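Enquirer: I'd like to ask you about the structure that follows.
We did not get these values from a lab; they are worked out from the coordinates using the rules stated. All figures in this text were calculated on a predicted structure; none of them were measured in a lab. FYI the Cβ positions are ideal-geometry reconstructions off the backbone, even for glycines, and counts take in every protein chain you see.
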């Protein structure tokens with residue numbers, strides 16, 4: 001069951017108003033728990049899945065691939081978005097996430113608004129690597145030493161993961 005946030009669309013319109021104005025976005029879909037913005041370059045889908053706010057970016061000139069903002073941020077900056085979610089205040093958590101995502105699109109990821117998708121190949125490589133970690137180590141892969149090497153940019157994570165995969 002998806003959590004429902006009161007005035008979800010209004011909150012997005014208010015928080016994203018400068019992006020909408022600065023980059024010529026228009027609202028093409030507005031539902032209780034989903035919202036889609038689009039300009040000539042980019043389509044941005046914002047929606048709630050269970051209690052998590054998701055934001056996906058699509059290149060309007062390219063394929064129909066949807067890029068998760070958290071992985072785009074990781075690809076472009078090598079940093080991770082820290083989850084601010086708390087079950088005690090789902091609505092507050094979603095609002096905080098909404099503010100964080102908008103801030104990223106205004107700052108470190110502003111190139112997305114003008115259709116700069118030069119990061120896509122790196123994104124796809126990151127996504128493939130993360131999928132491999134999940135496949136080999138399961139969902140608790142973030143505690144494994146190979147993943148810690150991966151985060152630090154130490155390429156020896158690949159051989160460490162190969163050893164684990166071969167041992168299975």
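Enquirer: Set the Förster radius R0 to 41 Å, insert the Cβ-Cβ distance between residue 40 and residue 79 as r into 1/(1 + (r/R0)^6), and round the FRET efficiency to 0.05.
Expert: The pair residue 40/residue 79 has a calculated efficiency of 0.90.
Enquirer: Still on this structure, please answer the following. Points 7 angstrom from Cα along the Cβ direction at residue 121 and residue 159: gap in nanometres?
Expert: Inter-label distance under the simple model: 2.6 nm.
Enquirer: Only Cα pairs within less than 10 Å get springs; with that Gaussian network setup on the chain, which residue of 140, 93, 118 has the largest fluctuation?
Expert: The residue with the greatest mean-square fluctuation here is 140.
Enquirer: Something else: For the chain, set up a GNM with springs between Cα atoms under 10 Å and report which of 147, 101, 25 has the largest fluctuation.
Expert: 147
Enquirer: Distance in nm between label sites at residue 130 and residue 103, each 7 Å beyond Cα in the beta-carbon direction?
Expert: 2.0
Enquirer: In segment 111-137, whose amide N lies under 17 Å from the spot 7 Å out along Cα-to-Cβ of residue 166? List them in ranges.
Expert: 136-137
Enquirer: Same structure again: Compute the angle between helix 120-137 and the longest alpha-carbon principal axis of the chain, please, reported from 0 to 90 degrees and rounded to the nearest 10.
Expert: 50
Enquirer: Among 162, 59, which comes first, second and so on when ranked by fewest other beta-carbon atoms within 10 Å?
Expert: 162, 59
Enquirer: Quick check on the chain: helices-only [θ] at 222 nm, where DSSP H runs of length 4 and up contribute -39,500 (n - 2.57) each and the sum goes over total residues. Nearest 500, please.
Expert: Result for the chain, helices only: -14000 deg cm²/dmol.
Enquirer: Next up: Let me know the shape class of segment 21-157, please: from the alpha-carbon gyration tensor, a ≥ b ≥ c as square roots of the eigenvalues, rounded when a/c is under 1.5, otherwise prolate if a/b is greater than b/c, or oblate.
Expert: oblate
Enquirer: Right, next: Going by C-beta contacts inside 10 Å, put 132, 26 in order with the fewest on the left.
Expert: Least to most surrounded, the residues fall as 26, 132.
Enquirer: Report the calculated FRET efficiency for residue 50 and residue 151 (r = Cβ-Cβ distance, R0 = 22 Å), to the nearest 0.05.
Expert: That pair, residue 50 with residue 151, gives E of 0.25.
Enquirer: How far is it, in nm, from the label point at residue 114 to the one at residue 66 when both lie 7 Å from their Cα along the line to the Cβ?
Expert: 2.8
Enquirer: Could you identify which residue out of 81, 12, 134 has the top mean-square fluctuation in a GNM of the chain using Cα springs shorter than 10 Å?
Expert: Evaluated over the chain, the most mobile residue of the options is 134.
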